[in-house]
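Notes to accompany the following structure.
The values are calculated or read from the model by the stated rules, or taken from the named source; none is laboratory data. Keep in mind that this is a model prediction, so the values were computed, not measured. Ideal geometry is used to build each Cβ from the backbone, glycine not excepted, and the neighbour counts take in all protein chains shown. SASA here: full protein model, heavy atoms, side chains in, ligands and nucleic acids out. Shrake-Rupley method; radii C 1.70, N 1.55, O 1.52, S 1.80 Å.
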Amino acid sequence: MALPDLSIRRPVATAMAFLAIVMLGIIAFTRLPVDLLPDVAFPTLTVWTQYPEAGPAEVERFITEPIERAVSRVPGVKSVSSVSREGASQVQLQFLWGTDMDFATLNVRERLDNVRYDLPERAERPTILRSDPTSEPVMTLAATSETTDLWELKQLSENVLELKQLSENVFKRRLEQIDGVAQAAVAGGLEREIHVKVDPRRLEALGVTIDEVSVALNAANYSAPGGTIRRGRYRYSLRALGEFQAVDEIGETVVGRSTGGTIVLLRDVAQVEDGFADRETIARYSGRESVGLLLYKEAGTNTVRVAERVEDILDQLRAEYPEVELEVATSQAGFIRDAISNVVQALAFGAVLAFLVLFLFLHDARYPVAI
C-alpha cells in the first residue's frame, strides 16, 4: 500500500503522527542551547614554563629544548613550535584534527612529569594550557562611582579602592550565585599596600642592617597557636594574635639596637605609608576610572538566559547601591539575539517567496497552502 493511500485511509493516525513530530520539535526547540560559538575543541596545547632570572638563551637551552624533545613523541602531534623569552618558555603543540584532546593532555602531562627532574631547580612546574573558544567572558560589566571623575588624585584613589572592595565583597559574590554563571573575575581598580621606605643613611648611622629590619617585621606581624585549655568536657584552642591592627603600630616595631645600646624602632629608620600596590590592569568606561567584572558561564548553559538573569540582578544592585553605576560594557547575548533574529527573518522571507513562486506556477492559492 502506497504512503499517500495509507495517509488518506488513516487520517487520524496520520494527524497523530504529525502532531507527535511537531511536539517533539517544540520540546527540542525549548531545550536547545543558545551560544555564540559551537562546542569545538581546537587540537592545540601550550606548555608554559617559568624560569625566573634567566635569559632567553638559557631558557631555550635548559627549558625549551628538553620539553620539545619530550612532547614531540606524543601520538598525534602534527607540529611543535616554541618561543623562548626572558624568564619564560612557551612550547605550542599542534595536533591532527580528530585527536582526543583529553587523552592528548594526559600524554603530554606524563611526558612532562618524566622530564621534570631534568629541568633546573629554579624552574617552575610546566603548565598545560588548552585553547578553548568558550573560555572567553560572555559579559563584561563596568562599575563606576559618581565621584571617580574628581580632579583630586587622593580622593580619586580612595574612591577607586572602596569601589574595588565593594565589587569583590558584594558584586562578585552576588553575580556568582546566578544559575549559569561559573565565575566572576574583578579587573582594574586599586589594592591597598603598606609601604615601608627605609632610609639607608639612618640605618648606617644607627648600625642596623636591612636584613634585621626585614626579620623584625616578619617576627612582629605573626600569629601562632598557644596550646589548649580544658574546661569541663570541652577543650578550647588558644591562639596568640600578634598581627598588626593599625598602620601606626608598624612604626613601633623594634628592629634592633644601635652601637650605643639604644633600642631602635622602625620609625627611627623608615617611613611607613598606607599606599597602594603597583597597578597591573586599568579599567576605564566612558573615559572614567572604573572596576571591571568579567562573567564566565558554565558549560552547556544558554548564554541569552544567563544574560537575562544577570540583568535582573543588576537591577537589584542598582537599587541597593544607587551611588554606583553598573553598566554592561560587552555582552555576547546581544550578538546572539541579532543573529537569531536575522535567521528568523530569512526563514519568513524564504517562506513568502516560496509561496509566491508556487502560486505563480500553479495559478491556484489552494495548492501552495496545502504544500
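Identify, please: which residue in the stretch 211-236 is open to solvent by less than 100 Å² (accessible area, probe 1.4 Å) and more than 38 Å from the chain's Cα centre (by Cα) and is, among those, farthest from LYS197 (Cα to Cα)?
Restricting attention to the stretch 211-236, the residues satisfying the condition of being open to solvent by less than 100 Å² (accessible area, probe 1.4 Å) are 212-217, 219-221, 223-224, 226-229, 232.
In the following step, the residues that additionally are more than 38 Å from the chain's Cα centre (by Cα) were identified as 212, 226-229, 232.
Values: GLU212: 15, GLY226: 33, GLY227: 36, THR228: 39, ILE229: 42, GLY232: 51 Å.
Among residues in the stretch 211-236 that are open to solvent by less than 100 Å² (accessible area, probe 1.4 Å) and more than 38 Å from the chain's Cα centre (by Cα), the one farthest from LYS197 (Cα to Cα) is GLY232.
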Looking at PRO38, is it closer than 22 Å to LEU129 by Cβ and exposed (fewer than 11 other Cβ atoms within 10 Å of the Cβ)?
-> yes
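Residue by residue, here is whether (1) within 27 Å of ALA299 (Cβ to Cβ); (2) among the charged types (D, E, K, R); (3) modelled with pLDDT of 90 or more holds:
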{"residue": "GLU121", "(1), (2), (3)": "no, yes, no"}
{"residue": "LEU150", "(1), (2), (3)": "no, no, no"}
{"residue": "VAL160", "(1), (2), (3)": "no, no, no"}
{"residue": "LYS164", "(1), (2), (3)": "no, yes, no"}
{"residue": "VAL181", "(1), (2), (3)": "yes, no, no"}
Name the residue, out of THR262, THR253, THR301, that is of a type in the set (Val, Ile, Thr) and in contact with a Phe, Trp or Tyr (Cβ under 9 Å, 6 or more places away or on another chain).
-> THR253
When both residues are 6+ apart or on different chains and their Cβ atoms are under 9 Å apart, which pairs have a first residue that lies in the stretch 282-302 and is over 27 Å from ASP179 (Cβ atoms) and touching a residue at least 24 places away in the same chain (Cβ under 8 Å), and a second that is in a loop (DSSP other than H, G, I, E, B) and hydrophobic (A, V, I, L, M, F, W, C)?
-> GLU289/ILE282
Is there a residue in the stretch 189-207 that is modelled with pLDDT of 85 or more, out of contact with any Lys or Arg (no Cβ under 9 Å at 6 or more places or on another chain), surrounded by 10 or more Cβ atoms within 10 Å (Cβ to Cβ) and in a loop (DSSP other than H, G, I, E, B)?
-> yes
What's the number of the condition LEU93 fails, among (1) under 15 Å from PRO43 (Cα atoms); (2) at pLDDT 90 or above; (3) out of contact with any Leu (no Cβ under 6 Å at 6 or more places or on another chain); (4) open to solvent by less than 60 Å² (accessible area, probe 1.4 Å)?
-> (3)
In the stretch 331-364, how many are open to solvent by 90 Å² or more (accessible area, probe 1.4 Å) and within 30 Å of LEU141 (Cα to Cα)?
-> 4
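Might you let me know whether the stretch 310-320 holds any residue that is at pLDDT 90 or above, surrounded by fewer than 15 Cβ atoms within 10 Å (Cβ to Cβ) and within 22 Å of VAL34 (Cα to Cα)? Lay out the reasoning, then the answer.
Just the residues of the stretch 310-320 that are at pLDDT 90 or above, to begin with: 310-320.
Applying the additional criterion that residues be surrounded by fewer than 15 Cβ atoms within 10 Å (Cβ to Cβ) yields 311-312, 315-316, 318-320.
Adding the requirement that they be within 22 Å of VAL34 (Cα to Cα) leaves 311-312.
Yes, the stretch 310-320 contains a residue that is at pLDDT 90 or above, surrounded by fewer than 15 Cβ atoms within 10 Å (Cβ to Cβ) and within 22 Å of VAL34 (Cα to Cα).
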Within the stretch 180-238, track down each residue that is in contact (Cβ under 8 Å) with a residue 24 or more places away in the chain, under 27 Å from VAL254 (Cα atoms) and of a type in the set (Gly, Ala, Ser).
-> GLY207, ALA216, ALA220
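For the stretch 99-110, enumerate the residues that are open to solvent by 70 Å² or more (accessible area, probe 1.4 Å) and farther than 11 Å from PRO75 by Cα.
Of everything in the stretch 99-110, those that are open to solvent by 70 Å² or more (accessible area, probe 1.4 Å) and farther than 11 Å from PRO75 by Cα turn out to be ASP102, LEU106, GLU110.
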